[in-house]
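Since the structure comes first, as structure tokens, the remarks are kept for the end.
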Amino acid sequence: MTYYILTLLLTLIERFGAMLAMGLLVLSLTPLHKLGVIRKPEPRYRLVLALIFGGFGILGTYGGDVVFESYANLRGVSVITAGLLGGPAVGFGAGLIAGGHRFLIDPGGFSSLPCGLATFLEGCFAGWVHARLRGNSLNWRVALWVGLVGETVHQLMVLTMAKPFEQALELVKVITIPMITVNTFGAVLFVHSLHMLFEYRSRRDSSRIHQILDIANKTVGHLRSGLNRDSARATAAIIWEQVPVAAVDIADTARVLAHMGAGDDHHVSGKALRTRATRRVLRTGVPAFLRSREDIGCDEPSCPLNSAIIVPLRKGGRIVGALKLYGTEDVRLDEVHFELAKGLGDLFSTQLELEDIQIKNQLLARAEIRRLQAQINPHFLFNALNTIGSFCRTKPDRARALLAELARYMRRNLGADGNMALLQAELEQVRSYLEIEKARFGERIRSEVHVDSGLESCLVPALIIQPLVENGVKHGILGREQGGLVRLRVTGGNGLVRVRVEDDGVGMQPERLQALLNGEGEYAGDDHIGVRNCKHRLEQMYGPEHTLRIESVPDAGTRVSFTVPRCFASESMESGPLSSGPCGPGMES
């Protein structure tokens, strides 16, 4: 009997090896390979999993020899793996298929019912363990204990349910050791093989994602300036450094913008496109993986490029160029390169879209400034001229001085075109405004201006301080018969410039303040000047953490404050003109 048991054990081990190889091959060729180590199968995959493992369970029925009119089998390997991988539904389905098949092939057999029922229960038990462990059951230790318990129960069910008992006892004596051993350790090997397969895929996908993100991070500053020879050359150099290919090529719709690597003697930057395949992708918008020199269609007979991946680059819904990866006899391309190229193509297209968004934001910011200019002038100009006119006869020197202040004010106001301005220029604008208003209202207007030393050459958003001071005068202190004091304080620290305008005027009720921040009636003639405009510009340029903050107490006054990153004009000039926008990271002092 010992010889027979050893022979049966070796037979089961041999056939298990073939079943394991087949199982891993099938799973790797189906969409199920996209599962991860702890990822739960999607509902549409669960039926497929149940069918696959149920089918392996059927094959496992014939994995051994017929012993005492029964089958030494490998069903446990399949149904246990099914339950641990896919959960209760998959374990139930695979167990039902494999166990049902065992009963149906020999309905009258003395061990058919206990063997079929035991297989079904093993699948359900493995699925229950999966649920209890919340999907973390694809572990060889778990498979070991589930296999030992399941196969032990299987043998006990045969011993207690099969009749006659003597025949069942003889059967169990022969098959217990081979079946418990092979099914348990078979499940361990199957589960651990799947675990390693999914871990490998997860690491590979993680590496690919990291590679794409690294390339995207390095290229974003180039492609946001548009698709041109400089940005294409910088982008191609980054890809060439990161991706093992024979050549990298970036083209627009008519010519090569940059080419690095093999074939650079005839694929030359600035020259017309030489391959039929590129023109076809630009025309159809469909990515292509070409595996021969003939498919590429280069008109140079000695071209070394024999494989290519070409993906379109889009901007605003239209195709503006193509990204191309090339292979040679020594450096071959595969599906991984194809997926990588498609991912990069999508990211680069998004980065190119940012150019249009950036241009639109700049135009919008200029439109906001123009609207603010149109809003300030009528509020102020005519009253200033009337005031100056009243001084012409009585105090001509004072009138001339005020005309000079008005000229400076209007020159600054009408000349503001960019997003950014020197703080010193903005302060001159404020001082000119206050001088004119003091001439008009006399002692009713008092002012204090304090600026920390060294901040005058900092950059701040243009036309954003004077409107706030004007609001403090017009809607704050002039609301009192005796007038009041408006203070402007500019301080620095922690890489920020802090601007605060406060008055001791009439203040606002909370509901009025909320309406002001919401922009309700902002452009009406009697409303606060450009508060919503200033708030929106600050948030758009620097983010919500730099928004306009307003505190107001009725009959006590109002305080308006904001912060901007500290950036000096000399630093900003290195990256572009003042109108290019706020200083980027690294420009702060």
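Sort 119, 491, 328 so the one with the fewest other Cβ atoms within 10 Å of its own Cβ comes first.
Working: 119 31, 491 14, 328 18.
Fewest-to-most Cβ neighbours within 10 Å comes out as 491, 328, 119.
What FRET efficiency, computed as 1/(1 + (r/R0)^6) with R0 = 35 Å and r the Cβ-Cβ distance, is obtained for residue 265 and residue 342, rounded to the nearest 0.05?
E between residue 265 and residue 342, to the nearest 0.05, is 0.80.
Could you put 448, 426 in order, starting from the residue whose Cβ has the fewest other Cβ atoms within 10 Å?
Details: 448 10, 426 25.
Arranged by neighbour count, lowest to highest, 448, 426 become 448, 426.
Could you give the length gained on full extension between residue 334 and residue 350, defined as 0.36 nm per residue of separation minus the Cα-Cα distance, in nm?
3.3 nm
How long is the gain from residue 169 to residue 197 if the chain were fully straight, where each residue apart is worth 0.36 nm and the alpha carbon distance is subtracted? Let's see the in-between values first.
Details: separation 28, 0.36 × 28 = 10.08 nm, distance 4.05 nm.
Extending this stretch completely gives an extra 6.0 nm.
For residue 449 paired with residue 218, estimate the spin-label separation in nm (one decimal), with each label point 7 Å from Cα along the Cα-to-Cβ line.
4.9
Take every Cα-Cα distance within the stretch 224-333, group them into 10 Å bins from 0 onward, and report for each bin the whole-number percent of pairs it holds.
All Cα pairs considered, the percentages come to 16, 52, 29, 2.
First measure r as the distance between the Cβ atoms of residue 132 and residue 242, then evaluate 1/(1 + (r/R0)^6) with R0 = 41 Å and state the FRET efficiency to the nearest 0.05.
Working: r = 44 Å, r/R0 = 1.06.
Computed FRET efficiency for residue 132 and residue 242 comes out at 0.40.
Could you list 342, 271, 535 in order of exposure, starting from the residue whose Cβ has the fewest other Cβ atoms within 10 Å? Let's see the in-between values first.
On the way: 342 16, 271 12, 535 20.
Neighbour counts put them in this order, fewest first: 271, 342, 535.
Roughly how many nanometres apart are two label points built 7 Å out from the Cα toward the Cβ at residue 511 and residue 496?
3.3
Could you calculate the contour length gain from residue 139 to residue 255, that is, 0.36 nm times the residue separation minus the distance between their Cα atoms, to one decimal place in nm? Intermediate results must be reported in sequence, preceding the final value.
Working: separation 116, 0.36 × 116 = 41.76 nm, distance 5.46 nm.
Difference between extended and current length: 36.3 nm.
Around residue 496, which amide H atoms from residues at least 5 apart in sequence, or from another chain, sit under 5 Å from its own amide H, with H modelled in the peptide plane?
Correct list: 566.
Computed FRET efficiency, Cβ-Cβ of residue 62 and residue 280, R0 56 Å: what is it to the nearest 0.05? Don't jump to the answer; show the numbers that get you there.
Values: r = 52 Å, r/R0 = 0.93.
That pair, residue 62 with residue 280, gives E of 0.60.
Distance in nm between label sites at residue 489 and residue 302, each 7 Å beyond Cα in the beta-carbon direction?
7.7
Computed from the coordinates by the stated procedures, all read-outs in this text should not be read as laboratory data. In this text the structure is predicted, and so the values were computed from the model without any measurement. Methodologically, a virtual Cβ is constructed for each residue, glycine included, from the backbone with ideal geometry; neighbour enumeration extends over all protein chains shown.
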